[in-house]
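Engineer: My structure is below; once you've seen it, I'll send some questions.
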Amino acid sequence: GSFLQGFLPGLALTIFQSILPSICGAIASFRGLESVAWIDADAFKSFFYFQLFNFYLASAIGGAFIASAEEIADEPTSIVSLLSESLPGQALTFMSYIMLISLSTFPILLTNISSLIVGALKLKYLAKTEYEKEEA
């Protein structure tokens, strides 16, 4: 129970963070930017601001608010003190996220299995000429 409660938020954040650059890139390309460099720069800027405000601030404050929602409903005038007491409890989510990133994501990136699988599939099914076989 407590393992899943500590592990699943970090896993959800990791999955979301891995698809977020693609989402930011798609949004930037829909904005009508003309060059790939402008699209990449806009996607990077959007990704940075989203990470800063939503991922770090909103997740921490939102999690602290949810953790103390019942007490806030009982005594709304003490919202600042209740949030300041429950905010350190959100550190577990970020610690599990950092542990998950460092212990699973980076080793997976180092092995780069996906490019090996894609390269093998391209070589087997798509490469017709010698040049295409060398590129795969």
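The values are calculated or read from the model by the stated rules, or taken from the named source; none is laboratory data. The shown structure was predicted, so the numbers you read here are calculated from the model rather than taken from an experiment. Positions of Cβ are backbone-derived with ideal geometry, glycine not excepted, and every protein chain shown enters the neighbour counts. The accessibility values were calculated without ligands, DNA or RNA, using every heavy atom of the protein model including side chains. Shrake-Rupley method; radii C 1.70, N 1.55, O 1.52, S 1.80 Å.
Engineer: Could you check how many residues of region 31-49 are of a type outside the set (Asp, Glu) and buried (at least 17 other Cβ atoms within 10 Å of the Cβ)? So that I can check it myself, show each step before the final result.
Structural biologist: Going residue by residue through region 31-49, those that are of a type outside the set (Asp, Glu) are 31-33, 35-39, 41, 43-49.
Going one step further and asking which of them are buried (at least 17 other Cβ atoms within 10 Å of the Cβ), we end up with 39, 43, 46-47.
Qualifying residue count for the region: 4.
Engineer: Further, regarding this structure: Does residue 64 fit the bill of being assigned to a helix (DSSP H, G or I), among the small types (Gly, Ala, Ser) and more than 23 Å from residue 97 (Cα to Cα)? Working first, answer last.
Structural biologist: Details: assigned to a helix (DSSP H, G or I): yes; among the small types (Gly, Ala, Ser): yes; more than 23 Å from residue 97 (Cα to Cα): no.
No.
Here's the yes/no breakdown for (1) open to solvent by 70 Å² or more (accessible area, probe 1.4 Å); (2) within 27 Å of residue 99 (Cβ to Cβ):
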position	(1), (2)
9	no, yes
19	yes, yes
26	no, no
29	no, no
71	yes, no
77	yes, no
83	no, yes
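Engineer: Give region 50-69 a look and list any residue that's within 12 Å of the chain's Cα centre (by Cα) and of a type in the set (A, V, I, L, M), or say none.
Structural biologist: Listed by number, the list holds a single entry, 52.
Engineer: Sticking with this one: How about region 99-136: which of its residues are of a type in the set (S, T, N, Q) and either part of a helix (DSSP H, G or I) or modelled with pLDDT of 75 or more (or both)? Reasoning before the result, please.
Structural biologist: Quick first cut of region 99-136, residues of a type in the set (S, T, N, Q) only: 102, 104-105, 111-112, 114-115, 129.
Result: 102, 104, 105, 111, 114, 115, 129.
Matching residues to (1) of a type in the set (Phe, Trp, Tyr); (2) touching a residue at least 24 places away in the same chain (Cβ under 8 Å):
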residue	(1), (2)
21	no, yes
30	yes, no
35	no, no
38	yes, no
43	no, no
52	no, no
60	no, yes
63	no, yes
